[in-house]
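Report on the following structure.
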Amino acid sequence: MQTRAERTRRSLVRAAAELIADGSPADAGLVNVCRRAGVSRGALYHHYSSLGELTAEVYGQARGRLVELMDEAFAGPAADAPERFLVALGGALRAETVVRAGVRLAADGSAGPPLLRDELPALVRERVSRARWEGGPPEPGTADLVLAVAAGIESLGYTDPRWWDRTTLQRLSGLLRPLVAPVEEGRC
């Protein structure tokens, strides 16, 4: 059973995330967050020392979720991992407010660089390079291709959420699959 303090913290994080995801980080001001969460300013400051600490929590939860999605995607065969990751990323951007908000924030909770969306390429590149590819290493540039598509769907989805749709992402992944296939022995 959740304590009152846990419910309040969760409500504050959800309110800040909704305001950022549905608008911009500037929309997550003190009054708006408190109103959306249904708490007083004193309650916010009881749980977080500043609004920046609250938005940094949104960032932290989003980053943790993206790492979790990568772990899940790369737990299976590496050849299918990029598709699994892109589908999971699209699903999270479509359905998880904290992820959609968190990619727009920096680690300190600000809207200044580097944003989580700017860190995502390095996370993806590192994960692709660590994957165990059957049949040899992937084509050079595989990580760059996967992260370019990930960045593209993240950006495009804000104006047209169909880019985050599972069917769209699976179709794109099918087009990418031959490009991320392992390098065959003796192939130049």
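The numbers here are math on the coordinates, done by the rules we state, and not lab data. The model shown is predicted, which means the values in this text are computed figures rather than measured ones. No Cβ is skipped: glycine too gets one built from the backbone with ideal geometry, and neighbour counts run over all protein chains shown.
Between Val67 and Ala26, what is the FRET efficiency for a Förster distance of 22 Å, r being their Cβ-Cβ separation, to the nearest 0.05? It comes to 0.25.
What's the whole-number percent of alpha carbon pairs in the chain lying beyond 23 angstrom?
47 percent
Rounded to the nearest 10 degrees, the inclination of helix 4-22 to the longest alpha-carbon principal axis of the chain is 60 degrees. Residues in the range 8-32, backbone N under 16 Å from the label point at His46 (7 Å along the Cα-to-beta-carbon vector): list them, ranges by number please. Only 8-13 fall inside the zone, counting backbone N under 16 Å.
When only alpha carbons are used to place a centre, the range 148-182 and the range 35-72 end up 28 Å from one another. For the range 63-129, the spread of Cα coordinates along the three principal axes comes to 37, 26, 14 Å, biggest extent given first. Cα axis of helix 142-159 to longest principal axis of the chain: angle in degrees, 0 to 90, nearest 10? Once rounded, the angle reads 40 degrees.
Estimated purely from DSSP H runs of n ≥ 4, each contributing -39500 (n - 2.57), the mean residue ellipticity at 222 nm for the chain is -21000 deg cm²/dmol once divided by its residues. Axis of helix 81-95 versus longest Cα principal axis of the chain: the two differ by about 20°, to the nearest ten degrees. The phi torsions of the range 59-75, fed into the Karplus equation with coefficients 6.51, -1.76 and 1.60 and a -60° offset, translate into couplings of 4, x, 5, 5, 4, x, 5, 5, 5, 4, 4, 5, 4, 5, 5, 8, 6 Hz, rounded to whole numbers, with Gly and Pro shown as x.
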